[in-house]
Each structure stands twice: as structure tokens, then as C-alpha cells.
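The values are calculated or read from the model by the stated rules, or taken from the named source; none is laboratory data. Bear in mind that the values here come from a model prediction, so they are computed numbers and not experimental data. Note that we place each Cβ from the backbone using ideal geometry, even for glycine, and neighbour counts take in every protein chain shown.
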């Protein structure tokens, strides 16, 4: 699909909390303009459209028939397939707030449908675009920490009962896909796989320990064996008080790379500080672990991913974190859930039919 104007014209579907992050990220980019929004809720749609000075549509077909280049899905996870198929049929590129869908099967259907309609499919994993995350990836790829030995990824956050009550889809199997792992922790799963490589086997345990009336888990732990031979652990929780920063530790034969919140440090026997890491040493917050899901949240990294999406749309190339690549994190989540239910190890590759691009 050819771009109709010097700016990409975008419309947002869903007017909940995360939609405002997307709206502000789009408005910060001189190559895009936010023109419309669709929501079935009159109150949410009217408030959102008044706030951003855009046109609101109660009918999704009318929304898709308007002058749009791309549709941004900010709806519950389990609705992405249905909304996405209709958008692709209308010839609109798709940008989806994570995760792609609630199962690999549904995600793959959307990937293949977008390919058949020749529209681009991007999934928002904005943490890949944090400067310190990029530095950490470079250090790992350069071999600075040597051969990978052990990996730990931890998301010890807190969400109160009101968080789940305020939106009944949260923590449900049909629309959220589960609980703390697929919702709060999938960003960290994506980073772990991007930094440390694919996982060969997952052995997981999960439970709903501190919240009432949700189907999904609020705690999950997993032991991992990576394809490169490293061993690992993952912790995912919305029950921890006080909440802690996201943490990823990658230990190698020559040193350790650590991401604490949004801050990267590298440690070795000779150097246990971050003084040899290029760039500034200013500490960034990066914690969204409190009961408010957007506490301390910035739209800067969303904006950077949008910038790169537009670059790839201009070039007609695969966007960063394509739909196909995002199936990897979804397969890991599904494997962890299957493992916990069956009380047996599961191989994520058994759930995904092809290998993704590198996503660099």
C-alpha cells in the first residue's frame, strides 16, 4: 500500500490506558499524524477524541473506511486477531500493543493473513529501544562477557485487586491470555530471548496466590535451558510488596551483564562497575511495578519504535519486531503455561512452526 501523504495517517482502536501512550508517541513524530479513534465505549471514545482533537468512530467499518495508512490496536489481547483481520482486509498496516495475541495459533493466523494482504504487521516491544538495552545487546554480541552460562529474568511487581476489577478482561484466559506472565512480564520475556537467545526447554510452576476472581496466575516461576547451553530462571509476579525493578542478569565466562530497570552495568573480576560502558551513567527509573500500570512510564521508547516502523514502511522492508518474530515470546509464554499445567518440561519450538528473523 502506498502512503497517501507526506505523513502516515494513523487511527487507534481502543481508548484505554495504554492508548494515550501511543497517542503521545505518534504526536511526537513529525512523520505521522493521529487522525481518529474507534471504541465501543461512548464515554471513553469521546473523552479520548476530545483530549487529542481527533475524529471518533463508534462503527469499526466506518473507521476502517476513512483515510488511514495504519491501524494501532490497543484493545485486549484476545481481540487482536478479529480486529486485525478486518484492518488487513481494508489494506491498513497494523501496529499492535503487545502481545500479538493470546495463543500462537491465533497469532499465526494474523501473521499469515497480513502477509496475504501485503500489509505490514508490527508489535510494540518498546523496551528493545532503550539505549542501555542496546548497549547490553552489543556487549553480549561482542563476546565481552564470554560464553553464556546462566540467565536470570525477574519481574517482581505489584498490582492491587482494584487493578483487575477496573477492567474485567485483565487476568482472563480469553482476553488477557493468562496473568502476570503474558501481561506484565512478556516485555521481559521478549528482552530475555532477544539478549540471551532462544530457549530449548521450559519447566514452570504457577499459582494465583494473592488476588481473587481472576483466572490467570499472579505468580509464576520457571527453570530454563537455552539452546546455547546456558541455564536460566524466570520469575513473574504481581504480588510483590514493595515492587522491584525488572531485572535481567546474563552471566558469562568473562563477566556479567545486568539490566536493572532501564540501567545497564557490566561486571568482571577486574571491573565491578559500569565505568567501562559507553554513554552516560545517569540512572533512569524504568520501573512500572506499582499498582498503577503507568507509574514512572515514558512514551519515549514507544516513539523510537514508531520512528523505526515508519523507516521500514518507507523502505518496504520488515518492521522491527514483526508479527512473525513476536510469535517467539508468545510461544515461550504458552510453553510455560503448558508446562505448569502438565507438570512437565515443554519445548517452545513444539508450539511454533517456523524460526523468526533476528530482530536486530
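With respect to residue 40, is the statement that it is more than 23 Å from residue 310 (Cα to Cα), assigned to a loop (DSSP other than H, G, I, E, B) and over 16 Å from the mean Cα position of the chain (by Cα) true?
Criteria met by residue 40.
Considering only region 51-58, I want to know if a residue exists there that is in contact with a strand residue (DSSP E or B) (Cβ under 6 Å, 6 or more places away or on another chain), closer than 24 Å to residue 182 by Cβ and surrounded by fewer than 23 Cβ atoms within 10 Å (Cβ to Cβ).
no
For region 166-175, check the following and say yes or no: at least one residue is surrounded by fewer than 20 Cβ atoms within 10 Å (Cβ to Cβ) and free of Cβ contacts under 8 Å to residues at least 24 places away in the same chain.
Within region 166-175, one or more residues are surrounded by fewer than 20 Cβ atoms within 10 Å (Cβ to Cβ) and free of Cβ contacts under 8 Å to residues at least 24 places away in the same chain.
Would you point out which residue out of 149, 119 is assigned by TED's automatic domain parsing to the domain that holds residue 177 and in contact (Cβ under 8 Å) with a residue 60 or more places away in the chain?
Result: 149 is the single residue among 149, 119 that is assigned by TED's automatic domain parsing to the domain that holds residue 177 and in contact (Cβ under 8 Å) with a residue 60 or more places away in the chain.
Does residue 111 count as in contact with a helix residue (DSSP H, G or I) (Cβ under 7 Å, 6 or more places away or on another chain), assigned by TED's automatic domain parsing to the domain that holds residue 25, over 28 Å from residue 6 (Cα atoms) and modelled with pLDDT of 95 or more?
no
Of the conditions (1) crowded, with 24+ Cβ neighbours inside 10 Å; (2) within 21 Å of residue 41 (Cβ to Cβ), residue 68 satisfies every one except a single condition; which number is it?
Against the list (1) crowded, with 24+ Cβ neighbours inside 10 Å; (2) within 21 Å of residue 41 (Cβ to Cβ), residue 68 comes up short only on (1).
With the structure loaded, tell me whether residue 85 is touching a helix residue (DSSP H, G or I) at 6+ places or on another chain (Cβ under 8 Å), modelled with pLDDT of 95 or more, outside any helix (DSSP H, G or I) and surrounded by fewer than 22 Cβ atoms within 10 Å (Cβ to Cβ) or whether it fails that test.
no
State all residues of region 122-146 that are in a helix (DSSP H, G or I), over 14 Å from residue 320 (Cα atoms) and either touching a helix residue (DSSP H, G or I) at 6+ places or on another chain (Cβ under 8 Å) or in contact (Cβ under 8 Å) with a residue 24 or more places away in the chain (or both); if no residue qualifies, say none.
Within region 122-146, 131, 132, 133, 135, 136, 137, 139, 140 meet the criteria.
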